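Read through the structure below, which is laid out as structure tokens, and then see the notes.
Only the coordinates and a few stated rules stand behind these numbers; no lab work does. Computed from a prediction, not measured in an experiment: that's the story for all the values here. With ideal geometry, Cβ positions are generated from the backbone for all residues, glycine too; neighbour counts draw on all protein chains shown.
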Amino acid sequence: MNTNASEIVRVDNVRKVYSDNGVPVDALRGINMTVLPGDFSVIAGPSGSGKTTLLNIVGTLDKPTEGAVYLDGEDVASKTRRQLADIRLRKIGFVFQAYNLNPVLSALENVEFTMMLRGIDAAERKRKSLALLEELGIGELARKRPNEMSGGQQQRVAIARAISNDPRLVLADEPTANLDSDTAVKLLELMEKLNHEDGITFVFSSHDPQVIGRAHRLLILKDGQIVDDKVNV
Amino acid sequence: MLSRIAWRNILRNKRRSFILILSIMVGVIALVMTDAFSIGMMRQMLTNQIGADAGYIQIHRKGYHDDPALKNSIVNTAPVRAALASDSAFVHISERLRTFGLISSASNSSGVSIVGIIPQEEERITTVHKYIVEGTYLTGKPDDIIISTATAEKLKVGIGDKVVIMASRIGGSVGSEACRVVGLFETFDSGFDQTHVYIPIATVERMLAAGGRVSEFVVNPMDPKQTDSIARQLRSRLPADFEVLTYKQMLPLLVMQIQLYDQIIYIFYAIIAIALIFGIINTMLMAVMERTHEFGIDMAIGMSNKRIVLMILTEAFYLGAVGTIVGLAIALAINIPLSHSGWNLAAFSDSLKSVGIGTVIYPVVGASTVLNAAVIIPLATVIGAVYPAMRAIRLQPVEAIRAS
């Protein structure tokens with residue numbers, strides 16, 4: 001399969017079948033999509049439509065039953081667990097619905113952690129982490145642990161963590177679902193700014209109208225199939 | 001940073017970590033106490049036997065060790081005295097003439113080893129003079145005899161009473177001497193007490209008509225570590241019809257027992273380590289299960305299996321290290337004072353005396369004991385964490401993230 005050199009992600013005819021107590025369930029049914037640099041895409045759809053499954057497959061956390069996923073032109077199916085971990089570390093940033101920061105680390109250390117995994121030296125990762133936290137408006141929370149921060153603050157730290165390794169792509173799974181609308185708006189504005197100013201590519205899964213309203217490209221998923229794909233919404 | 005995370009993870013569930021550290025501490029304390037007590041007991045048995053009778057080195061006429069009969073005693077002592085002359089500054093020397101015989105009173109008699117000694121020399125070699133509980137040590141009079149309290153009870157005699165000793169001479173006739181009890185001794189070894197009496201060497205010579213003969217020269221180096229080298233030198237200096245034996249050859253069973261113990265203690269270490277490994281598996285498995293979601297997130301952000309394993313093993317190592325350090329500190333705090341004051345086990349004195357230990361045990365905490373505990377226990381905790389770590393990395397990221 002030829003892929004366009006500029007594509008970050010190409011998903012080709014991906015199927016995912018789960019077994020639910022022995023009963024096969026089609027979570028994704030022949031998905032085709034691409035992600036281009038600078039995209040601010042939203043995969044929308046009702047609960048159970050397969051948004052998170054698709055995001056997990058794009059993020060190499062899960063494997064498709066059929067079809068192929070290309071990241072920067074490379075078929076991820078042939079990669080070992082170790083290589084996939086390395087791809088996630090270097091190319092993909094994750095933002096989760098429940099923030100999922102390491103509870104024993106401070107905000108600063110959470111951001112530093114991914115850089116540590118890449119082998120960046122302590123002084124450099126501290127400098128960069130502090131700069132990121134400042135940029136995201138939570139510099140004063142650097143020493144706080146997750147349980148000392150609000151949901152919005154934790155999600156900002158999660159974003160800082162996701163972009164700390166300069167990934168090709170940030171996958172955000174329902175990032176505003178646990179936030180009040182004001183905080184959600186601020187957070188989305190922040191991610192838009194990162195997209196506009198820093199060129200960071202975002203792919204969201206969400207059914208939050210506030211997220212959908214900001215999408216440059218909107219993919220509507222229903223029963224495991226893309227039923228609509230709108231660009232420049 | 002990984003070690004910082006590991007340490008903080010330990011502190012997350014303080015109660016569980018505390019219980020685990022406590023169990024490690026108890027294991028370390030048990031291990032050190034058992035080792036120190038056993039080494040102390042073994043060493044005491046050996047030094048007691050060396051101090052009571054054997055000494056560090058003995059020189060005999062060849063064959064005397066296998067057949068300690070009067071006919072096998074040294075007739076010409078000149079070569080021995082010449083061989084020892086150059087070492088006199090480094091060693092204490094005593095000579096003895098001993099035989100098996102009978103000691104009798106008006107009431108009873110008993111078979112004993114009659115040991116003829118030069119009291120002033122013997123005092124520098126053996127410890128019997130320290131165990132006089134009534135009367136005095138040999139005073140220099142030819143008819144002095146010291147016997148144990150056990151023998152005195154059996155013969156129904158006391159200080160100042162007369163006893164008769166008799167033994168076979170080389171020709172087969174029987175010699176005898178009347179002696180007066182001047183002292184009663186009671187050592188750490190009831191078996192030894194019942195079978196030994198001490199009289200001046202000249203009296204034994206007279207009784208046995210064995211003038212000039214010596215059964216054994218006992219040589220104690222001032223530095224016991226020199227035992228083997230001095231024994232080697234003496235062997236090279238003496239003619240072939242003499243045998244030079246160290247305590248290792250004279251007390252082979254005891255030496256073997258100590259060597260055997262050195263091996264057996266590793267079985268004890270293994271038992272403690274295995275128990276610990278199962279405890280660690282259980283605890284770390286619980287910790288891993290509780291953190292399944294977290295491991296999923298770690299995998300999602302790109303943490304490799306190797307680093308996840310390293311983090312879990314580091315946590316286990318820290319638990320083991322803390323338990324070991326605190327356990328060792330407590331064990332040493334208990335053992336070091338005890339190694340000076342001793343542990344009085346008078347309640348078990350009969351059984352301890354029957355094996356020649358004495359009623360006060362002085363535990364010995366050697367570097368090897370501390371080193372063994374310091375290596376074996378943290379290693380066991382790390383080994384115990386291997387299975388939970390393997391379980392953690394077998395998790396599929398997407399399933400782990402879904403775990404609540």
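Equivalent-ellipsoid semi-axes for the stretch A:150-219 (Cα gyration tensor, √(5λ), whole Å, largest first): 17, 15, 10.
Considering only B:Ser190, B:Ala178, B:Val133, and ranking their Cα positions along the charge dipole of the stretch B:132-222 that arises from unit charges at the beta-carbon of Lys, Arg, Asp and Glu, the one farthest toward the positive end is B:Ala178.
Among A:Ala44, A:Ala158, A:Ala177, the residue with the largest mean-square fluctuation in a Gaussian network model of chain A, with springs joining Cα atoms closer than 10 Å, is A:Ala177. Of the trypsin sites (Lys or Arg not before Pro) in the stretch B:1-100, the ones in a loop by DSSP (not H, G, I, E or B) with at most 16 other beta carbons within 10 Å are B:Lys62.
Neighbour counts of C-beta atoms inside 10 Å place A:Tyr99, B:Tyr261 in the sequence B:Tyr261, A:Tyr99, starting with the fewest.
Remark: mean inter-chain Cβ contacts per residue of B:386-398 equal 2, using a 10 Å Cβ-Cβ cutoff to other protein chain atoms.
With contacts taken as Cα pairs under 8 Å at a separation of at least 6 residues, chain B carries a relative contact order of 26 percent.
Its Cα gyration tensor gives chain A an equivalent ellipsoid, and the semi-axes of that ellipsoid, as √(5λ) in whole Å with the largest first, are 29, 20, 17. Extents of the protein assembly as shown, taken as max minus min of Cα coordinates on every principal axis and listed largest first, are 128, 51, 45 Å. Comparing Cα centroids, the stretch B:150-223 and the stretch B:322-344 end up 43 angstrom apart.
For chain B, what is the calculated [θ] at 222 nm in deg cm²/dmol (nearest 500), taking -39500 (n - 2.57) for each run of four or more DSSP H residues and dividing by its residue count? Result for chain B: -17500 deg cm²/dmol, rounded to the nearest 500. Based on the Stokes-Einstein relation at 20 °C and a viscosity of 1.002 mPa s, and on the Kirkwood radius from alpha carbon pairs, the stretch B:144-262 is assigned a translational diffusion coefficient of 123 µm²/s.
Mean partner shielding of peptide A:98-108, defined as the number of other chain Cβ atoms within 10 Å of each residue Cβ, is 4. How many percent of Cα pairs in the stretch B:235-371 exceed 18 Å? The proportion of pairs with Cα distances above 18 Å equals 76 percent.
Across the stretch B:72-147, the volume of the C-alpha convex hull divided among the residues equals 128 Å³ per residue.
If both residues of a DSSP beta bridge must be in chain A, then about 60% of such bridges are antiparallel.
Annotation: amide H-H contacts under 5 Å for A:Ile220 (H modelled 1.01 Å from N, sequence separation of 5 or more, or interchain): A:Ala44, A:Val227, A:Asp228, A:Asp229, A:Lys230. Per-residue Karplus couplings for the stretch A:16-24, computed as 6.51 cos²θ - 1.76 cosθ + 1.60 with θ equal to phi - 60°, are listed in order as 9, 10, 9, 9, 10, 6, x, 9, x Hz, Gly and Pro entered as x. Measuring how big the stretch B:63-239 is from its alpha-carbon positions, Rg and Dmax come out at 16.6, 50 Å. Computed across the stretch A:37-77, the Kirkwood hydrodynamic radius from all distinct Cα-Cα pairs reaches 11.5 Å. Each of B:Lys306, B:Lys154 was scored by other Cβ atoms within 10 Å of its Cβ. Arranged with the fewest first, they read B:Lys306, B:Lys154.
How large is the helix-only mean residue ellipticity at 222 nm for chain A, computed as the sum of -39500 (n - 2.57) over DSSP H runs with n ≥ 4, divided by its residue count, in deg cm²/dmol to the nearest 500? Counting only the DSSP helices, I get -10500 deg cm²/dmol. Dividing the C-alpha radius of gyration of the stretch B:206-275 by 2.2 N^0.38 Å, with N its residue count, gives 1.76. Lysine pairs in chain B whose alpha-carbon atoms fall under 28 angstrom of each other, counting only those eight or more residues apart or on distinct chains, come to 23.
Taking chymotrypsin sites (Phe, Trp or Tyr not before Pro) across the stretch B:1-89, none is in a DSSP loop with at most 10 further Cβ atoms lying within 10 angstrom of its Cβ.
Angle between the Cα long axis of helix A:122-135 and the longest principal axis of chain A, 0 to 90 degrees, nearest 10? Around 80 degrees separate the two axes.
Converting the Cα gyration tensor eigenvalues of chain B into ellipsoid dimensions via √(5λ) gives semi-axes, longest first, of 64, 22, 15 Å. DSSP assigns beta bridges within the protein assembly as shown; of those with both partners inside it, close to 70 percent run antiparallel. Legend: mean number of C-beta atoms from other chains within 10 angstrom of residue C-beta atoms, peptide A:84-92, equals 4.
Taken about its Cα centre, the protein assembly as shown carries a charge dipole of about 420 debye when Lys and Arg each add +1 at the Cβ and Asp and Glu each add -1 at the Cβ.
A simple rule links phi to the HN-Hα coupling: the Karplus curve 6.51 cos²θ - 1.76 cosθ + 1.60 with θ = phi - 60°, which for the stretch B:170-176 gives 4, x, x, 6, 10, x, 8 Hz, with x for Gly and Pro.
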